[in-house]
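The values are calculated or read from the model by the stated rules, or taken from the named source; none is laboratory data. Note that the structure is a prediction, hence the values are computed from the model and not measured. Because the Cβ atoms are built from the backbone with ideal geometry, glycine has one as well, and the counts that use them run over all protein chains shown. SASA here: full protein model, heavy atoms, side chains in, ligands and nucleic acids out. Shrake-Rupley method; radii C 1.70, N 1.55, O 1.52, S 1.80 Å.
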Amino acid sequence: MYKILKYCFYDLIRSRWSYVYFLFYLLLGFMLLFLNNDLSKAVITLLNIIIVLVPLIGTIFGIMYFYNSKEFTELLLAQPIRRRSIFLGLYLGVAGSLSVSLFLGLGIPFVLYGLLKSGVIWDFGLLLLIGTALSFIFTALSFNIAVTQDNKIKGFGYSVLLWLFMAVIYDGLFLLSLIFFEEYPLDRYSLGATLLNPIDLSRILILLKLDIAALLGYTGAVFKGFFGTNAGFLIAMSVLSLWVVLPAGRMIYKAEHKDF
């Protein structure tokens, strides 16, 4: 598995799309800090971008790489190598390369602007951690779609629809349900619905860390009462970890039982 991961990682790191992804975040970081030297405000702005862009890139990049490397994958399957090692290596290589581009692209400008000496270093670290988690989550989800669906056009369509549902449609349905059942106690329901969407969960965690959850009103108070505690934060990070492990586990299970 390590050799496959290493090959996939270095292959992607040298690709032009990885350079474009890296340069986008590098220029974005310098531009935000040039326009506003306040690091905390730059982190808040990055939150809105990362929460939407990282899942989109992870989904599209993952599905495209899987389909484009299908011949290479079939060649590996003909070798005496466990399928688990092959697909896990490919998955970790893709997700790892995206995470490195994100980490370096945003880390370099913020470090140069004095991040290490500021009080927002832990907030920025959490932002990068959540961005990395979202990369792994949506790459795993895209690999699930690719393993299940052999048709490239359908697979690509399903992956975009998945991102659209998680990033936009889910929030709309969630808000409609809160309005429709406003006469009932919705504290536990709100918490449960947030845990079922990694994008919403990531957004709430960063908002609470930045102490601006008051902007969410009563719902923000509910979230702060739960996720603001140490136990709530650990539960939230555990759920994010499950969002990585479960899709990756299902992808491996499907790959091991699929007739290529």
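Note that region 151-159 has calculated 3J(HN,Hα) couplings of 6, 5, 5, 5, x, 5, x, 5, 5 Hz, one per residue in order, obtained from phi through the Karplus relation 6.51 cos²θ - 1.76 cosθ + 1.60 (θ = phi - 60°); glycine and proline are x.
Given the pairs 3/258; 3/152; 3/41; 3/117; 6/258; 41/152, which are separated by over 31 angstrom at their Cα positions?
On the way: 3/258 23 Å; 3/152 27 Å; 3/41 41 Å; 3/117 39 Å; 6/258 24 Å; 41/152 41 Å.
Those over the limit are 3/41; 3/117; 41/152.
Rank by packing, highest mean first: peptides 46-56, 155-165, 10-20, with packing defined as the count of other Cβ atoms within 10 Å averaged across residues. Provide the component values of the computation, followed by the final result.
Values: 46-56: 19.6, 155-165: 17.6, 10-20: 13.8.
Put in order of decreasing packing, that is 46-56, 155-165, 10-20.
Only protein atoms count toward the accessible area here, which uses a 1.4 Å probe; on region 43-157, the carbon and sulfur part of that area reaches 68 percent.
Excluding ligands, DNA and RNA, what is the solvent-accessible area per residue of the chain at a probe of 1.4 Å, expressed in Å²?
Computed with neighbouring chains in place, this is 53 Å² per residue.
With the highest mean first, a sort of the peptides 201-207, 140-146 on other beta-carbon atoms found within 10 angstrom per residue produces 140-146, 201-207.
The dipole here belongs to the chain: it is taken about the Cα centre, uses +1 on the Cβ of Lys and Arg and -1 on the Cβ of Asp and Glu, and is about 800 debye. The relative contact order of the chain, computed from alpha carbon pairs under 8 Å that lie at least 6 residues apart in sequence, is 28 percent. Available extension along the chain between residue 160 and residue 78 is 26.4 nm, counting 0.36 nm per residue and deducting the alpha carbon span. For the chain, the alpha-carbon coordinates run over 57, 48, 32 Å along the three principal axes, in decreasing order.
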